[in-house]
Each structure stands twice: as C-alpha cells, then as structure tokens.
Amino acid sequence: MNMLTPTADSLPDALPFSVAAIPGLPDESALARLAGELFRALPGREAPSSPSAPAVSGLAIGEPGPALQSLAAPAIGQPAVDAVPVPPEFGVPEAYAAALPMTAPISAPAGVPGSPYYFLGEAAALSSAHQAPTAVADNHVVAHPFKLPGEAALRRVLDELAGERSPPPAAPPVPGHGGYYFIDQPASVPRADAARFPAFDVQAVRRDFPILAERVNGKPLVWFDNAATTQKPQAVIDRLVQFYQHENSNIHRAAHELAARSTDAYEAARSKVAHFLGASSAEEIIFVRGATEAINLVAKTWGRQNIGEGDEIVVSLLEHHANIVPWQQLAKESGAHIRVIPVDDKGQILLQEYQRLLNDRTKLVAISQVSNALGTVTPVKEIVELAHRAGARVLVDGAQSVSHMRVDVQAIDADFFVFSGHKVFAPTGIGVVYGKRDILEDTPPWQGGGNMIADVTFERTLYQGVPARFEAGTGNIADAVGLGAAIDYVARIGIENIARYEHDLLLRLPLPEG
C-alpha cells in the first residue's frame, strides 16, 4: 500500500497517482513519521502535532480512500482479507503482524460510531509496538492473539447481517428446532472465565495460521475441512523448528545434553496431554500415530485378552470406520458379535434402544463423542454409566471432540479415550490413548522392541511399566512435542471461548424445522 503523503498546503480527498512519482516531496524518514502519525490518530482524536510535519487537512481517519482502504468484515467461514501492510517504520514483516505485543482492546470514544474495520482498533497497539520494538526478539513469533481487538466489531457486523442489534439469547430454546443439542441446550456450552480468557478474536486467530494467507486458483484459501485435518498455527510450526534445531535426539537412552532436552520435551508433552484430558496421571497417556492406531492398540491388546466367543461389542451407527473395522477383525478372530446402537432421523443416539442392547455378554462399548459426519454430540457420560452397570468397559473416540469442547475423562469415567493430534492443530502422525491405570497395568503389550523393555535375555523378557511398555521403538518425538505446543495454543485461547464462539455461529445458521 502506498501511503499518501500530505503537502504543506492540504491533502486532497483522493489522488489518482502514487506519491512516488511526484518530485520534491519529503524524504523517506518524513514519510515514515507521517505514516506513524496517521496510524496513531484514532477516530475521534486529534492527530498529535509535530513542528516539522506538514499539517493534514481534508482527510479524517476512518474514511475510505486511497490512503487507507476499507476492509469489509469477512463472511462467516471465510478467511481474513489480506491485512493492511504495516509501514516500513515498524520494522516487522507482514506475516509476523499477529505476533506483535498488543495493548488491551481499544474502545471507541463516546459519540464515535463503531467501525467494522478491525485494523482501526489496532492503531494504538501498532504505535506502541513501534515505540518498543525490543519486545519481539530476533523476529521470533510468539503469538498473542487474545489481546487484539475485533470481537465487538465482528459482533456488530454479524448482527447487521442477521438483521439484529444484539447477539441472540443463549438460554431460551429456539422454537421449531427441537432435538438439536446445540439449540435446545445452549447452557451446555459454558462461557469462558473472562478473568482468564479475553474475548475470542477471530481476526487474530486467523492471522495465527500462515496457510490462510495462501491463494488457491488465485483466490484466498477457505478451509472447511477441519474434520479431516486442521491447519497448524505458527506457534506449532515454530516449536517443531526449535526441536529440530536445538533438541533433536532419541529419548530415555543416553546421558548427553540433547538426549536430556529431547526426553524432557517429550515427557512434558505427555504431561500436557494428561492435563488437557483431565487424566489423573501422565502415566495413563500413551503416544501412538493417531486415533486409528489407538483403537487398534486397544483391540489387539485388551480386546484379545478380554473378549471371547459369544461376547458382544457394542458400537453406534455414527462411528467412523476406524471405530468399526478393528472390532470387526477382533470379532472374526474371537467369535464375538457386533451390536449396533440405532439413531433417530436427526442423528441422535436412541438411549432406550442402547439400553436394550446391554446384557451380561457385553464386554465393550465403543462410541464417538462427536460424529465426524453429522457433528452429533453423543451423551457419553450416560452411555458410560449404563455400560458400567452392565459390567462392560467403554472406549470413547474423541478425535472430533477435543478441539471443540472441554474433555474430562475422569468426569465421564471412560476406560479408554483416544484422539488424533492433527485434529487439534498438531502435526499428523501423533495421537493418544488414555487408559485407566489399573486397566493398562493388566493389559499386555502390543509390539515388541526397544524402549518398552526393562531387561532381555534369550530365555525371557521383562517389560517396562506403563506407559513405556506400549511405546516400542523410537517414537514420533518431534510431533509429540508439536502436540504439546498445540495444546498450549488451545489453552491460551481457552477451549470454552472456542466452544462458545462456534455455538454462537451455529445459532445464526438457518436450520430445518423440527
């Protein structure tokens, strides 16, 4: 963007040419200074005067014009429009704009109409970043997306699009949409603790993902395929680079410095996952390649040990193939039977029918917490409770839930819980099995090799305790560390903020009458 530089006389309302072509204008330092003054002048304020700067007339900050083009708020689900480039004065590349340390959100002065253009609210923050450039060391991205303004402006634009002036009420159910959990039970989506998590800022979050600046077939990338895999924020990308540049080594096997760094990073990621899921101990967390391998691990270890001929495995009609095929294989091998929980025409689990399926032959219930195809949120707590009454164990597939809602494996009392890292902003090739400690200790290992053994002779092998006994060979160390960084990123935003924002968007969508 060419900054239009005012002359000593006046600044026309619009100039159809670039100032670079005009001889006799101020030098580059004066242009930079004037640009700074422009960005520091918020709507409703007087621009600070400078004895050496020409007077500015004929242009009010916030008016569209060639000097500062308006950015229309993006439509729901669309990526952010290309951000207004930061003038060279600020010394920060465009891609790193989201990483600048920002001040608290700026409210428009009284009497000044709110603007839907989020970048106007960032003027003071950009100015403060200019005054203290040492806050960003070595141009290393440290995302601070939650301090950027934009929530209020986004709300106003969404309200205008919906023909409203305030967000829809969260508590009362919406008539005519019975049966949809997200309409009839909005209280089930908690509000984030405002003291811990600032308001969700969609513009700042978009800028955290460098791939959203990509253009496909000449148009900005729009990514609606998060159920298949999520894109990666800069914080995760940077953490992988840091690992390979400064920590790369095998783990648990050497006494040198890099082995210590790598081991610490890997085990720290395990602890982060345990906290993220509400597990009682990091030793209940096993790293695998993804949810598919996680389910196969349970089927081929605990399943082979505990499910035999005539036993029954219960799954729902909503399941992903990864939560069907391993159980079919086990049933064919063991002589067990698969029973299927039906759903109604809105994709909701029929709990009464499920209860009729349970009997003393039921050994395992495998259920998705959120359907990858329909988005149905299943009542896993009730499903687990009914299964336990029948004496069965329960595996919960959380591949589609962990990035959208708070998960507490102890609260739902799941025996096993699995998910894939790449569904929650982490790299591909890393996933998790959570298992109750007492169950894991009674479960035989699946694969044999290094790392999972305590001692080996040609006559016998002694295995490590949990979780190491289930992690044979060299694991996916770097991507486990990347998963830890992704969990940190979600924690900084606040999972309740994510859930509430998604819920509010759903309330704005037209739904079929019930």
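The values are calculated or read from the model by the stated rules, or taken from the named source; none is laboratory data. All values derive from a computational prediction rather than experimental measurement. Every residue, glycine as well, gets a Cβ built from its backbone with ideal geometry; the counts of neighbours run over all protein chains shown. Accessible surface is based on the protein model in full, side chains and every heavy atom, while ligands, DNA and RNA are left aside. Shrake-Rupley method; radii C 1.70, N 1.55, O 1.52, S 1.80 Å.
Beyond 22 Å in Cα-Cα separation lie the following of the pairs Lys232/Lys381; Lys346/Lys381; Lys300/Lys381: Lys232/Lys381; Lys300/Lys381. What figure, in Å² to the nearest 10, do you get for the accessible area of Thr292 with a 1.4 Å probe and non-protein molecules left out? Ignoring ligands and nucleic acids, Thr292 comes out at about 70 Å².
Within the range 427-514, which trypsin sites (Lys or Arg not before Pro) sit in a loop by DSSP and count at most 11 neighbouring Cβ atoms inside 10 Å? Show your work: numbers first, answer last.
Values: sites: Lys436, Arg437, Arg460, Arg469, Arg492, Arg500, Arg508; in loops: Lys436, Arg460, Arg508.
Answer in residue order: Arg460.
Taking all protein chains together and a probe of 1.4 Å, list Thr301, Thr229, Thr428 from the most accessible to the least accessible.
Listed by decreasing accessible area, they come as Thr428, Thr229, Thr301.
Values of log10 I(q)/I(0) for the range 315-402 across q = 0.12, 0.14, 0.21, 0.24 Å⁻¹ run -0.32, -0.45, -1.03, -1.32, by the Debye formula with one identical scatterer at each alpha carbon and no solvent. Computed over protein heavy atoms with a 1.4 Å probe, the accessible surface of the range 234-356 works out to 48 Å² per residue. Here the simple spin-label model places points 7 Å from the Cα toward Cβ, and for Gln328 and Glu502 these points are separated by 2.8 nm.
Dividing the mean sequence gap of close Cα pairs (under 8 Å, 6+ apart) by how many residues the range 194-313 holds gives a relative contact order of 11 percent. With the simple spin-label model, which puts each label point 7 Å out from Cα in the Cβ direction, the Arg361 to His256 separation comes to 5.9 nm. For the range 437-514, GluC sites (Glu not before Pro) meeting the loop criterion (DSSP other than H, G, I, E, B) and having at most 11 other Cβ atoms within 10 Å: Glu459, Glu513. Per residue, the range 367-480 exposes 39 Å² of solvent-accessible protein surface, assessed with a 1.4 angstrom probe and all protein chains in place.
Averaging over every viewing direction, what projected area does the convex hull of the Cα atoms of the range 316-360 cover, in nm²?
3.6 nm²
Amide H contacts of Ser316 (H built 1.01 Å from N, in plane; Pro and chain starts excluded): Ile341, Ser368 sit under 5 Å, all sequence-distant by 5 or more or on other chains. Within the accessible surface of the range 358-412, defined with a 1.4 Å probe on protein heavy atoms only, the carbon and sulfur portion equals 46 percent.
On full extension, the segment bounded by Asn306 and Val241 gains 19.1 nm, given 0.36 nm per residue less the C-alpha separation. Between the amide H of Glu247 and any residue lying 5 or more places away or on another chain, no distance stays under 5 Å, with hydrogens modeled in the peptide plane. Overall, the range 388-469 carries a charge dipole of about 220 debye about its Cα centre when +1 sits on the Cβ of Lys and Arg and -1 on the Cβ of Asp and Glu, all other atoms neutral.
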